[in-house]
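Accompanying notes for the structure given below.
The values are calculated or read from the model by the stated rules, or taken from the named source; none is laboratory data. All figures in this text were calculated on a predicted structure; none of them were measured in a lab. Cβ coordinates were reconstructed from backbone atoms using ideal geometry, including for glycine residues, and neighbour counts include every protein chain displayed.
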Amino acid sequence: MSEKVLMKGNEALAEAAIMAGCKHYFGYPITPQTEVAAYMSKRLPKIEGGVFLQAESEIAAINMVIGVSSTGKRVMTSSSSPGIALKSEGLSYLAGCDLPALIVNVQRGGPGLGGIQPSQSDYFHATRGAGHGDFHMIVLAPSSVQEMVNLTFKGFDLGDKYRMPTMILADGTMGQMMEPVSLDLGEVTKYDKPWALTGTNGERKPNIVNSLFLKPEELEQFNFDRYKRYAEIEKNEVMYEEYKMEDAEYCIVAFGVAARVSQNAIDEARKNGIKVGMIRPITLWPFPKEVLNKAADKVKAFISVELSMGQMIEDVELSIRCKKPVLLCNRTGGMIPTTKNVLDSINEAVNYGGAK
Amino acid sequence: MNKQILIAGFGGQGILFSGKFLAYEGLIDGKEVSWLPSYGPEMRGGTANCSIIISDEKIGSPIVDKPDVLIAMNTPSFDKYITEINPGGQVFVDSSLIEKKSERDDIEAHYIPATQLASEKNLSGLANMIILGMFIKHSGIIPFENIEKAMKKVVSAKKPQLFDLNMEAIKLGYEYEG
Amino acid sequence: MKVFEKPQALTDAVLHYCPGCTHGIIHRLVAEALDELGVTGRAIGVAPVGCSVFAYNYFNCDMVQAAHGRAPAVATGVKRSDANNIVFTYQGDGDLAAIGTAETVHAAARGENITVIFVNNAIYGMTGGQMAPTTLPGQVTQTSPYGRDVSKVGYPVKVCEMLSEVDGAAYLERVAVNNVKNVKAAKAAIKKAFQNQIEGKGFSLIEVLSTCPTNWGKTPIDALKWLDENMLPYYPLGVYKDKTQNAE
């Protein structure tokens, strides 16, 4: 195994993308993800066939991504919340054209220009409304610098496998922090892309990358077929991690930096004899519905810990079909819940409905 | 062992750099480490701080809000965090920039005129490393032998003179009797 | 014996354009240029949003359909993926000169080695005849029912003139397809724009003045005449920039 190195999340993610075979990057500066672009601008020109281009806007960047992806090559862009909103048009086109691409959102507080401190308030955007029309992206939520690396590598693979955009939904903390990482990522799986625009060379019928279907029956059928693929993904690609759930009576649900803070709170609470554990979704879409639903038969209450006004909590409630109470522990606008905030919520859960 | 360290001061004092050095020290020593900077406009003249955690266990939150160790390099940071230090913790104070003294009797306080020493010894800009040297001596969490290795990770090989200066600064702080 | 044939670079699909619309002529000119230069097999076209959205069904080469105005950005990606690709966009005036102005200007500024075919008919065709960025002063459209009032909605955008100030642009020419002489000149310009790309000379844009009999409310013949009498004075034909002569 190679020696671990200390890397910033944003830079580690960029290196992992290169290791995944991504040679094309298009972006536009915005805090707190600019290190991704800066890293790519240094590395890609040194790689054969590597292209780094700072676009005139996030809109142009995502369309350049569409251009490269339509030729069958791995490609990525990164931004932060307001910039991701601008990319929404392109995300919908990627989905409608069945094109893979990796999109990184290192979230900051909103709405509007908001702030620049960490946030998870684009959860709805990523999992519900990334653009117009019926579609999903695969949404991966790293909670360490190592996962920034591993999920980026995996994200490219899933995108190619299912021909769809994949989003890394990180936050300012994940982007800015440094942790030791291993860059042992294994082999890149190559996928056949007979649909790619490579020039007909006069030897085949033209390939067309398109999302326009004026006949509603036709468009409906395309959407049905795409959702069949989504069903496969929901069956096969759900990722999550459990922490001290074996005997848990209370279950925290948290991703990204919120999961890291929750881990501290769980350790503290257990010192006081409170049996609390955590289910940490790694894929936000597909959401780990089943594991949560099963947990609902065992635990007394759930706590959704989020850096937003409460967005993932809706998925938690839907997953457990409201069988148990779900409390919200949240900070927003760039604030991060403290260990104490989470401990307070755990105590609230313990006392909920006069229990104990 | 789980040490929560907070280094705080003005942007431009090398807060993030010394934090990075510390994180590498921990990594070389086989520990789990995390380094988290404050980010944004602070880096251009405002306050800057940096959370470093060195632990035997997998690290939960990378955010240090209750430090075991505070390295304070300006008065606003001293004021803001002195009350947050965990009982039994330590504070290291650049006494050439901070006139105040700790009034807490449940923490250990060390004072070093790091900025003044830096200018006297032609180590201008390296007060951060001088105070870090003192921290290394009194905290006991980092083996002094690893310092050179960690320094090689954070100082570019193309700038050997910087390596020597940084090492000199650390030793100065390490040997300082205050 | 020379037989008048359909270019290889056009498919057998029947064009959906209105009777008298000059898109068909422009499609043919692009296809002839691709064939004559022998690059149809490595051509990748980018279709816009607007009347020519179905260009992807008509050109017999690989095609990608872009969001409204984004064709130059998509083309940038396709070209940067493989410099051997011969990449062109085919865009209307709303697409290129309104919603896609930024993408157009910056592709030119970067000197992207692509070919842009810009069809200017002074109106939004597909949505049914609204005011375009190139609609002439006083011209009546669905959304300028009292005629374009420049004091309220400003002046038409003259794309070739504007881009001629952009250092990255290599070749800019305005042509028209309202008579045989102009069609021949248009063909030569389009071919040159592709030749420039083959030779790596950078960003070429050919603005083609075109008709929209349906939304102008004119017969095809009258439309050609209207173009001649109204558009040509406002949008003079000619080469607006040519950096390709002394480029190498």
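What is the residue count in the range A:49-63 for residues that are farther than 13 Å from A:Lys23 by Cα and either facing chain C (nearest Cβ under 8 Å) or surrounded by 23 or more Cβ atoms within 10 Å (Cβ to Cβ) (or both)? First the steps, then the outcome.
Going through the range A:49-63, the residues farther than 13 Å from A:Lys23 by Cα turn out to be A:54-63.
Now drop any that are not either facing chain C (nearest Cβ under 8 Å) or surrounded by 23 or more Cβ atoms within 10 Å (Cβ to Cβ) (or both), which leaves A:55-63.
Residues meeting the conditions: 9.
Go through (1) without any contact (Cβ under 8 Å) to a residue 24 or more places away in the chain; (2) out of contact with any strand residue (DSSP E or B) (no Cβ under 7 Å at 6 or more places or on another chain) one by one and return the number of the condition A:Met335 breaks.
Looking at each condition in turn, A:Met335 falls short on (1).
Would you mind stating whether B:Ile59 is aliphatic (A, V, I, L, M), more than 9 Å from chain A (Cβ to nearest Cβ) and either in contact with a Gly (Cβ under 7 Å, 6 or more places away or on another chain) or surrounded by fewer than 24 Cβ atoms within 10 Å (Cβ to Cβ) (or both)? Show your work before the answer.
Details: aliphatic (A, V, I, L, M): yes; more than 9 Å from chain A (Cβ to nearest Cβ): no; either in contact with a Gly (Cβ under 7 Å, 6 or more places away or on another chain) or surrounded by fewer than 24 Cβ atoms within 10 Å (Cβ to Cβ) (or both): yes.
Criteria not met by B:Ile59.
Can A:Lys161 be described as touching a Phe, Trp or Tyr at 6+ places or on another chain (Cβ under 8 Å) and within 27 Å of A:Met19 (Cα to Cα)? Give the steps one after another, and end with the answer.
Values: touching a Phe, Trp or Tyr at 6+ places or on another chain (Cβ under 8 Å): yes; within 27 Å of A:Met19 (Cα to Cα): yes.
Answer is yes for this residue.
Among the residues of the range A:276-291, what is the count of those that are more than 15 Å from the chain's Cα centre (by Cα), touching a residue at least 40 places away in the same chain (Cβ under 8 Å) and surrounded by 24 or more Cβ atoms within 10 Å (Cβ to Cβ)?
1
Looking only at residues that are over 18 Å from the mean Cα position of the chain (by Cα) and among the charged types (D, E, K, R) in the range C:14-45, which one is farthest from the other protein chains (Cβ to nearest Cβ)? Show your work before the answer.
From the range C:14-45, those over 18 Å from the mean Cα position of the chain (by Cα) are C:14, C:19, C:35-42; that's our starting set.
Pick out the ones that are also among the charged types (D, E, K, R) and you get C:35-36, C:42.
On the way: C:Asp35: 11, C:Glu36: 15, C:Arg42: 4 Å.
The residue in question is C:Glu36.
I'd like the full set of residues that are modelled with pLDDT of 95 or more and either surrounded by 15 or more Cβ atoms within 10 Å (Cβ to Cβ) or part of a loop (DSSP other than H, G, I, E, B) (or both), limited to the range C:235-248.
Taking the range C:235-248 as the starting set, the residues that turn out to be modelled with pLDDT of 95 or more are C:235-243.
Matches in the range C:235-248: C:Tyr235, C:Pro236, C:Leu237, C:Tyr240, C:Lys241, C:Asp242, C:Lys243.
Modelled with pLDDT of 95 or more, touching a strand residue (DSSP E or B) at 6+ places or on another chain (Cβ under 8 Å) and more than 8 Å from chain C (Cβ to nearest Cβ): which single residue out of A:Thr127, A:Thr71 fits that description?
On the way: A:Thr71 fails: more than 8 Å from chain C (Cβ to nearest Cβ).
None of the other options fit; the residue is A:Thr127.
State which residue pairs qualify: first residue at positive phi and inside the range A:12-30, second residue in a helix (DSSP H, G or I) in any location, beta carbons under 8 Å apart, and separation of 6 or more residues or different chains.
Every condition considered, the pairs that remain are A:Gly21/A:Phe156.
Would you mind stating whether A:Ala141 is of a type outside the set (Phe, Trp, Tyr), more than 26 Å from C:Asp62 (Cα to Cα) and out of contact with any strand residue (DSSP E or B) (no Cβ under 8 Å at 6 or more places or on another chain)? Spell out the reasoning first.
Details: of a type outside the set (Phe, Trp, Tyr): yes; more than 26 Å from C:Asp62 (Cα to Cα): yes; out of contact with any strand residue (DSSP E or B) (no Cβ under 8 Å at 6 or more places or on another chain): no.
Answer is no for this residue.
Say whether the condition of being surrounded by fewer than 21 Cβ atoms within 10 Å (Cβ to Cβ), part of a strand (DSSP E or B), in contact with a Gly (Cβ under 6 Å, 6 or more places away or on another chain) and not basic (Lys, Arg) is met by at least one residue in the range A:329-338.
No, there is no match, as no residue in the range A:329-338 is surrounded by fewer than 21 Cβ atoms within 10 Å (Cβ to Cβ), part of a strand (DSSP E or B), in contact with a Gly (Cβ under 6 Å, 6 or more places away or on another chain) and not basic (Lys, Arg).
Scan A:Thr173, A:Thr198 and give me the residue that is in contact (Cβ under 8 Å) with a residue 60 or more places away in the chain, in a loop (DSSP other than H, G, I, E, B) and surrounded by 18 or more Cβ atoms within 10 Å (Cβ to Cβ).
Step by step, each of A:Thr173, A:Thr198 is checked, and only A:Thr198 is in contact (Cβ under 8 Å) with a residue 60 or more places away in the chain, in a loop (DSSP other than H, G, I, E, B) and surrounded by 18 or more Cβ atoms within 10 Å (Cβ to Cβ).
Got at least one residue in the range A:296-307 being within 14 Å of another protein chain (Cβ to nearest Cβ), closer than 30 Å to A:Asn236 by Cα and not in a strand (DSSP E or B)? Write out each step before concluding.
If we filter the range A:296-307 for residues that are within 14 Å of another protein chain (Cβ to nearest Cβ), which is where we start, we get A:305, A:307.
Pick out the ones that are also closer than 30 Å to A:Asn236 by Cα and you get A:305, A:307.
When the remaining residues are screened for being not in a strand (DSSP E or B), the result is A:307.
The answer is yes, given that some residue of the range A:296-307 is within 14 Å of another protein chain (Cβ to nearest Cβ), closer than 30 Å to A:Asn236 by Cα and not in a strand (DSSP E or B).
Which of (1) surrounded by fewer than 24 Cβ atoms within 10 Å (Cβ to Cβ); (2) closer than 21 Å to A:Val181 by Cβ; (3) touching a Ser or Thr at 6+ places or on another chain (Cβ under 8 Å) is the odd one out, the single condition B:Ile5 does not satisfy?
(1)
Looking at C:Thr89, is it more than 10 Å from every other protein chain (Cβ to nearest Cβ), closer than 27 Å to A:Leu94 by Cβ and outside any helix (DSSP H, G or I)? Don't jump to the end; show me each part of the working.
Values: more than 10 Å from every other protein chain (Cβ to nearest Cβ): yes; closer than 27 Å to A:Leu94 by Cβ: yes; outside any helix (DSSP H, G or I): yes.
Yes; evaluated as a whole, the condition is true for this residue.
Has the range C:105-120 got at least one residue that is more than 10 Å from every other protein chain (Cβ to nearest Cβ), part of a helix (DSSP H, G or I) and not small (Gly, Ala, Ser)?
No - not one qualifying residue is present in the range C:105-120.
So which of A:Asp171, A:Asp122, A:Asp98 ends up being within 14 Å of another protein chain (Cβ to nearest Cβ) and within 12 Å of the chain's Cα centre (by Cα)? Give the derivation first.
On the way: A:Asp122 fails: within 14 Å of another protein chain (Cβ to nearest Cβ); A:Asp98 fails: within 12 Å of the chain's Cα centre (by Cα).
Matching residue, one of A:Asp171, A:Asp122, A:Asp98: A:Asp171.
Please indicate, with yes or no, whether at least one residue in the range A:201-208 is touching a Ser or Thr at 6+ places or on another chain (Cβ under 6 Å), in contact (Cβ under 8 Å) with a residue 24 or more places away in the chain and either buried (at least 19 other Cβ atoms within 10 Å of the Cβ) or within 14 Å of chain B (Cβ to nearest Cβ) (or both).
Applying the first criterion (touching a Ser or Thr at 6+ places or on another chain (Cβ under 6 Å)) to the range A:201-208 yields A:206.
Among the residues that remain, those that are also in contact (Cβ under 8 Å) with a residue 24 or more places away in the chain are: none.
No, the conditions are met nowhere in the range A:201-208.
Can you give me the number of residues within the range C:46-57 that are more than 7 Å from chain A (Cβ to nearest Cβ) and outside any strand (DSSP E or B)? Even if it seems obvious, please write down each step before you answer.
Restricting attention to the range C:46-57, the residues satisfying the condition of being more than 7 Å from chain A (Cβ to nearest Cβ) are C:46-52, C:54-55, C:57.
Adding the requirement that they be outside any strand (DSSP E or B) leaves C:48-52, C:54-55, C:57.
The number of residues fulfilling the criteria is 8.
So B:Asn86 passes all but one of these: (1) surrounded by fewer than 16 Cβ atoms within 10 Å (Cβ to Cβ); (2) within 14 Å of chain A (Cβ to nearest Cβ); (3) without any contact (Cβ under 8 Å) to a residue 24 or more places away in the chain; (4) in contact with a Lys or Arg (Cβ under 8 Å, 6 or more places away or on another chain). Which condition number does it fail?
(3)
If you check every pair at least six apart or on different chains, which have Cβ atoms under 7 Å apart with a residue in the range A:83-98 that is assigned by TED's automatic domain parsing to the domain that holds A:Met167 first and a residue that is of a type in the set (Lys, Arg) and at pLDDT 95 or above second?
Final answer for the pair search is A:Asp98/A:Arg163.
Within the range C:117-136, count every residue that is free of Cβ contacts under 8 Å to residues at least 40 places away in the same chain, farther than 22 Å from C:Tyr240 by Cα and not hydrophobic (A, V, I, L, M, F, W, C).
2
Of (1) surrounded by fewer than 24 Cβ atoms within 10 Å (Cβ to Cβ); (2) modelled with pLDDT of 95 or more, A:Pro100 satisfies all except one. Which?
A:Pro100 satisfies every listed condition except (1).
Could you check, for the range C:58-66, whether at least one of its residues is outside any strand (DSSP E or B), in contact with a Gly (Cβ under 7 Å, 6 or more places away or on another chain) and either modelled with pLDDT of 95 or more or facing another protein chain (nearest Cβ under 9 Å) (or both)? Break it down stepwise before answering.
We begin by selecting, within the range C:58-66, every residue outside any strand (DSSP E or B); these are C:58, C:60-61, C:66.
Now drop any that are not in contact with a Gly (Cβ under 7 Å, 6 or more places away or on another chain), which leaves C:61.
Of the ones still in play, those that are also either modelled with pLDDT of 95 or more or facing another protein chain (nearest Cβ under 9 Å) (or both) are C:61.
Yes, the conditions are met somewhere in the range C:58-66.
Select from the range C:75-85 the residues that are facing another protein chain (nearest Cβ under 7 Å), more than 16 Å from the chain's Cα centre (by Cα) and of a type in the set (A, V, I, L, M, F, W, C) and list them in ascending order.
Within the range C:75-85, just C:Val78 meets the criteria.
Out of A:Gly256, A:Gly273, I need the residue that is buried (at least 24 other Cβ atoms within 10 Å of the Cβ), over 17 Å from A:Ala95 (Cβ atoms) and not assigned by TED's automatic domain parsing to the domain that holds A:Arg74. Which one?
On the way: A:Gly273 fails: buried (at least 24 other Cβ atoms within 10 Å of the Cβ).
Within the list A:Gly256, A:Gly273, the selection yields A:Gly256.
Filter the range A:337-356 down to the residues that are over 23 Å from A:Pro288 (Cβ atoms) and either within 14 Å of chain B (Cβ to nearest Cβ) or touching a Ser or Thr at 6+ places or on another chain (Cβ under 7 Å) (or both) and list them by number.
Across the range A:337-356, the qualifying residues are A:Thr338, A:Thr339, A:Lys340, A:Asn341, A:Leu343.
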